[in-house]
Amino acid sequence: MTAQIIDARAIAERLRAEVAAEVAELKARHGLTPGLAVVLTGDDPASQVYVRSKGEHSIAAGMHSITRRLPAETSQAELLAVVDELNRDPAIHGVLVQLPLPKGLDEQAVIAAIDPAKDVDGLHFVNSGRLAQGLPALTPCTPLGCMILLRETLGDLTGARAVVVGRSVLVGRPIAQLLLQADCTVTIAHSRTRDLPAVCREADILVAAVGRPQMIQADWIKPGATVIDVGINRVPFRDPVKAAAGKTKLVGDVAFKAACEVAGHITPVPGGVGLMTVACLLKNTVTAAKRIAGLEA
Ligand code: GUN
């Protein structure tokens, strides 16, 4: 079998275009411009790339966008003061504090300080609690993107066996909740799972979110399964000349080439789930703006 590659680039582009159209309508009909604020603390190189992309895409969608860049030495009190200021700013409907935070800062306390109505990352316990209860909630962007890819690929997911490898707050746990809401039979597997390959082989839908380069092997995949690879791992090239030059490449959590011989559908890395994350952040910001303005329940 040769897997069909899920065209996340096209799906993300379409979603961004839909969001831009909705922003234009909110402006024209209600004088409402959705506003997103991203807070970057410190100088983590990957975070700088992600934050720049979030700013550029929100402007391209017609939104109000601000990026607050704070030095790595920022204190907890200073960071909380910035979050408080953004919580109060009526032009801002989405507040995202880029993670990881520099050492010494308490991520949980910072996330808990974000107004849940503006928590476009869906990480506040009010939103994760609402998600766990099946209530409307702002939902983490990467899991939301994975669900859109799955629905585009498979349509109705009812009754499918889904295995999520990874139990992070950002991806594993929320995507398991979303799969459950979609009437899948869900298993959350992790580093302590016994016979992980056998558990993965049961999956009609396999979501890899472990952060370990190419860990999921082809013989862990049920023939014809849909494989969603959330991993973004930077590794040295195998070619010794490139490796010696310090060059790196991005790979997922799935051994992609071999997996393509077994899976029915699969997302590539790069060019897969990562593209959906920013598109879903824009979508969440529009949702937050509409709810704050009383235009949506
Ligand atoms: N760092 C990597 N991914 C994310 C994300 O989705 N949200 C935040 N806040 N930080 C991240």
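The values are calculated or read from the model by the stated rules, or taken from the named source; none is laboratory data. The model shown is predicted, which means the values in this text are computed figures rather than measured ones. Neighbour counts are summed over all protein chains in view; Cβ atoms, including those assigned to glycine, are modelled from backbone coordinates with ideal geometry. Ligands, DNA and RNA are excluded from the accessible area calculation, which covers all protein heavy atoms including side chains. Shrake-Rupley method; radii C 1.70, N 1.55, O 1.52, S 1.80 Å.
Scanning segment 36-62 for residues that are open to solvent by less than 50 Å² (accessible area, probe 1.4 Å) and more than 19 Å from the chain's Cα centre (by Cα) gives T41, G42, G62.
Residues in segment 108-130 that are open to solvent by less than 20 Å² (accessible area, probe 1.4 Å) and either touching a Gly at 6+ places or on another chain (Cβ under 7 Å) or basic (K, R) (or both): K118, V120. Confirm whether D84 is acidic (D, E), within 21 Å of D106 (Cβ to Cβ) and outside any helix (DSSP H, G or I). No: the conditions fail for D84.
Do you know which residues across segment 265-297 are open to solvent by less than 30 Å² (accessible area, probe 1.4 Å), over 20 Å from I59 (Cβ atoms) and within 16 Å of the ligand (Cβ to nearest atom)? G272, V273 - these are the residues of segment 265-297 that are open to solvent by less than 30 Å² (accessible area, probe 1.4 Å), over 20 Å from I59 (Cβ atoms) and within 16 Å of the ligand (Cβ to nearest atom). For segment 35-61, which positions are part of a strand (DSSP E or B) and within 25 Å of N233 (Cβ to Cβ)? Across segment 35-61, the qualifying residues are V38, L40, T41. Looking at F237 and the list (1) surrounded by fewer than 15 Cβ atoms within 10 Å (Cβ to Cβ); (2) under 16 Å from V262 (Cβ atoms), which single condition is not satisfied? The single condition F237 does not satisfy is (2). Among the residues of segment 260-272, is there at least one that is out of contact with any Asp or Glu (no Cβ under 9 Å at 6 or more places or on another chain), within 28 Å of S47 (Cα to Cα) and of a type in the set (S, T, N, Q)? Within segment 260-272 (the criterion being out of contact with any Asp or Glu (no Cβ under 9 Å at 6 or more places or on another chain), within 28 Å of S47 (Cα to Cα) and of a type in the set (S, T, N, Q)), the answer is no, since none of the residues qualifies.
Residues that are within 16 Å of the ligand (Cβ to nearest atom), at pLDDT 95 or above and over 15 Å from N284 (Cα atoms) occur in segment 151-166; there is at least one. Within segment 131-150, being within 15 Å of the ligand (Cβ to nearest atom) and either open to solvent by 60 Å² or more (accessible area, probe 1.4 Å) or touching a strand residue (DSSP E or B) at 6+ places or on another chain (Cβ under 7 Å) (or both) holds for one residue alone: C146. Screening L32 with (1) crowded, with 20+ Cβ neighbours inside 10 Å; (2) hydrophobic (A, V, I, L, M, F, W, C); (3) assigned to a loop (DSSP other than H, G, I, E, B) gives one miss only, at (1). Out of (1) over 30 Å from M63 (Cα atoms); (2) within 23 Å of the chain's Cα centre (by Cα); (3) away from the ligand (no atom under 15 Å from the Cβ), the odd one out for K247 is which? Among (1) over 30 Å from M63 (Cα atoms); (2) within 23 Å of the chain's Cα centre (by Cα); (3) away from the ligand (no atom under 15 Å from the Cβ), K247 violates only (2). For segment 121-130, the condition holds for no residue, the condition being that it is more than 15 Å from the ligand (Cβ to nearest atom) and touching a Leu at 6+ places or on another chain (Cβ under 8 Å). Tell me whether segment 248-263 contains one or more residues that are open to solvent by 20 Å² or more (accessible area, probe 1.4 Å) and over 22 Å from Q214 (Cα atoms). Checked against the condition, which is being open to solvent by 20 Å² or more (accessible area, probe 1.4 Å) and over 22 Å from Q214 (Cα atoms), segment 248-263 yields no hits at all. S65 passes every criterion in (1) away from the ligand (no atom under 16 Å from the Cβ); (2) surrounded by 17 or more Cβ atoms within 10 Å (Cβ to Cβ); (3) polar (S, T, N, Q) apart from (1). Residues in segment 210-221 that are in a loop (DSSP other than H, G, I, E, B) and either of a type outside the set (K, R) or free of Cβ contacts under 8 Å to residues at least 24 places away in the same chain (or both): V210, G211, P213, Q214, M215, Q217, I221. Go through L99, L105 for me and flag whichever is more than 15 Å from T285 (Cβ to Cβ) and surrounded by 19 or more Cβ atoms within 10 Å (Cβ to Cβ). Just a single option satisfies the conditions, and that option is L105.
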